[in-house]
Structures are given as C-alpha cells and as structure tokens.
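Heads up: the structure comes next, in structure tokens.
The values are calculated or read from the model by the stated rules, or taken from the named source; none is laboratory data. Since we're looking at a predicted model, the values are computed, not measured. For accessibility, only protein heavy atoms count, side chains too; no ligands or nucleic acids. Shrake-Rupley method; radii C 1.70, N 1.55, O 1.52, S 1.80 Å.
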Amino acid sequence: MERRLGFSWRLLMLLAAISLEIGCGVAAKEPRGKRRHAYAAMMYMGTPRDYEFYVATRVMMRSLSQLRVDADLVVIASIDVPARWLRALKEEDGVKVVTVENLKNPYEKQDNFNNRFKLTLNKLYAWSLVAYDRVVMLDSDNLFLQRTDELFQCGQFCAVFINPCIFHTGLFVLQPSIDVFNNMLHELEIGRENPDGADQGFLASYFPDLLDRPMFHPPANGSKLDGFYRLPLGYQMDASYYYLKLRWSIPCGPNSVITFPSAPWLKPWYWWSWPVLPLGLSWHEQRRMNLGYGSELPVMLMQSVMYLGIIAVTRLARPSLTKLCYNRKPEKSITLLHVTLKVAGIWSIVAAYTVPFFLVPRTVHPTLGWSLYLLGSASLTSIVINVFLLPGLPVLTPWLGILGSLFVMAWPWYSDGVVRALAVFAYAFCCAPFVWEALRKVMGSLQTLLEREAFFPRLGESTELPCKLY
C-alpha cells in the first residue's frame, strides 16, 4: 500500500511539473494567449542512432514552425537526453521541452521483442499534457508537406491505418486526460496484451475497435468532434507508395504528411538515402532550408583535407612506398606468403571502398556525403595501387561503377518506380562483366609480380621494379 501511495505521489508531482512547465513556456513566448493545441514528439537515449533522431526531431519541428502551425511544439524528453540538445530545442527551435522519467517496459521478455523499441512507451506521456485540448503525437520520421491543423478538430483518439488491420502510431491525435493516462499505466502494470512490445502494439490493444470507427472529416465550422475516428491515409503516406509510382496519388484525404516506417538504415536523414531512395532528397531539402549542416561541416572539411593529402603523398612518394613491400628473407614458405599477399591485396581493395563509407558523417546532405565518399575511396585505392603495384584502371573500375549507378538512380525522368528499378538492374547487369574483368586483371597483376619476385626477392639479387604504377 505504501509503495502504491509513493508511486501515486511521484506521479502527481510529475504531472504538476509538466503542466507548470508548459504553462510557463507558453505564457513567456505567446503574448497572444495560451495555445490550446500542440504537436508533440518524444526523445529518449539508449540506441546507436540517438543523434540521428535528435537531428530528425529538430528538422521536423522547424518545418512545422515554417508552416506557421497554430499550435505549440512540444518534445517529451527522457531525463538522460543531453542538456545541450534540450537547450538547442528550447532556445534555437522554440520548442517546449517536457522532461520525464522512462516508463519501464514490461514486455522485454517477449520472444519477438526488439530492444530498439524498449522506451517507445514514453509516448504514453502525451496523455498527460493536460494543458492542451488536443495533441498530435508524432514520430521523428514524418515529412510535412502542408499544414495539418484541422487534425485538432478530431476526437479523443484518431489514427491512420497504413496496414489494412493495424493503425500506425507515427501520427495520431489524442485528447489529453489524466484518467486515461493513469489507466494506461495500470494496464502496463497488469501486463496488457502487446503483440510487439512497443507503443504501437500497446495502443492497438488499448483501442481495439478503431477499425470500425468512421472516417474523420473536419467540420467546416471549426468545431471539435467527440469519439474515435480513422484518419485518411493522406496524413500518413507510406514512402513505399511513392517508390512504386514516383508520384503521390493518394485519393483518401489531403496529401499532407509522408512517413518512413522502414528499417532504421533506410530513414531519409542518412546521406546514402538519395539517390538510392528518391524521397531522401526531399527530407534533406527541408533540413537545408530549416536547420542547415553546420555541425557536420568541420568533420567533412578535415576528412577532405586528409584524403587530398593521401592522394598527394601517394603520387609524390611512390618509390619509398614500394620499398616497404620488400621482404629480404630466405626462400622459405614462399607459397604461403604468395597466397597471403593475394588475399591481402583483394581485402585492401575491399577496405578502400568500405572504410570511407562509414567515416562520412551520417546525416550530411547526400550530394556532400557521396562526394566525400568518392574522394575517400579514390584516396585509399591510390594507396592500394602503389603498395601492391597494381594497374590503376582495374582497381578503379568499381569506383566508376558506383559513380555511374548514382547517375542512373538519380535520373529524374523515369515514368514510374518499376522502370527505374529495371534501369538499375540493367545497369548492374551491364557492369558485371567489367567488374569481373577488372578482378581478373588485378589477380593476374599480383600473380605476375609474385612470379617475378618483385615482392620477395632472393638475398643478393636486385629487382627491377616497373616504373608504371597505374
């Protein structure tokens, strides 16, 4: 009993603090009077992609501000979110920050539980924002095309069915209520059924009859509706719909919000999202106009200088680099050394193309990211060419192939996504023989140099190295 009273007391204090923080923030920044509605998102720590979601949240909030929405912008942040991030949200983005303790997820032991959803139940705190009449709760991967303030006319709970049978919690409308919030916490304690252990499974279980509810149509007189409603698909347009037609043709509701409910590595804020995914550039254009890329530019400049320095050194110091390849030892276990050298040469080429990919700052603009990647891979392949005395063109064939594939994917005049996919497949099919021939020439070059003992000369013998290194 004492434990329950202590929990209830802490809960009341937390809710009072939330209401006070929101009320004070609105009064300070809105001289016209307190706003009755809010767009809210959440932030928590504990995943490898915390910074990326922080950037995505800022871009989304700034895009809403750019659309001049008539609502507060609120971020529900867990207590371990870095203070400098919260300060940027408050001072630079004009966001009201509500700090909360992480809700314990009782579904962690489920067989299908994904640990990256461990703290998504923090989304339930949206029902505690009782300073507002209506709240639109958002995931950070929403891309707004136009204002959606009419959503504040919806009822107690409204959501979009992307899946024919399960609504999506990337955007939903709710009426804050302490009673509902307390009841949700109680349902967590008793272990209410939750198919995925995340917020979506819990809310789908909590509102099981939403599929049978009527479709939301905003009243023309601006009044608010009561009850539960399905939202038109235009408020959560799955990006995969666009990839099929390369245009939006959602007949159900206004085409207002794009969502990206895909694998984490396919989110639109990563630099490789375009031209691999056509909509990646749309998200980055919003970031360029609203937030910019000042935080990543210093790292990119340092990497560019480093790569250019590597290219310069490998061209000026070629003789000294080749001397490092000599191994003046007696002829012993030479076959094993030859095999080792071949494997080292191939893996060095692979590393030259993969290492720069992971060094590029993840959230830079795609044109900057791909440019830096191509510069980095060119610089590292120049080291491989010089160290292993390989011909330049075969080693750079994958580089040319990657560059060509970017142009093929970025071509803006495809009629639909199927034609685009076929074009990419045809390009890959045509490139495959060139890549195979390049690999054959690289292996042949290594074998020739080994047979001439350019890498492992016998004691007392001099070796004439070829002057041509490319």
So for 267, 104, what's the accessible-area order with a 1.4 Å probe, most first? 104, 267
Ratio Rg/Rh [Cα only; Rh per Kirkwood] for the range 158-218: 0.97
Compactness of the range 115-195, expressed as Rg and Dmax over alpha-carbon positions, Å: 13.6, 41
Using the alpha-carbon centroid of each, what span in Å lies between the range 99-120 and the range 212-254? 29 Å
Angstrom value of the Kirkwood radius, inverse mean 1/r, which spans all Cα pairs in the range 197-304: 17.2 Å
Go through 109/267; 123/267; 34/90; 267/441; 34/123 and tell me which ones have a Cα-Cα distance over 29 Å in this structure. 267/441
Along each of the three principal axes of the Cα atoms of the range 345-447, give the extent in whole Å, ordering the values from largest to smallest. 47, 32, 16
Evaluate the relative contact order of the range 117-252 (contact order divided by residue number), counting alpha-carbon pairs under 8 angstrom at least 6 apart; express in whole percent. 30 percent
Equivalent-ellipsoid semi-axes of the range 38-171, from the Cα gyration tensor, Å, largest first: 23, 20, 14
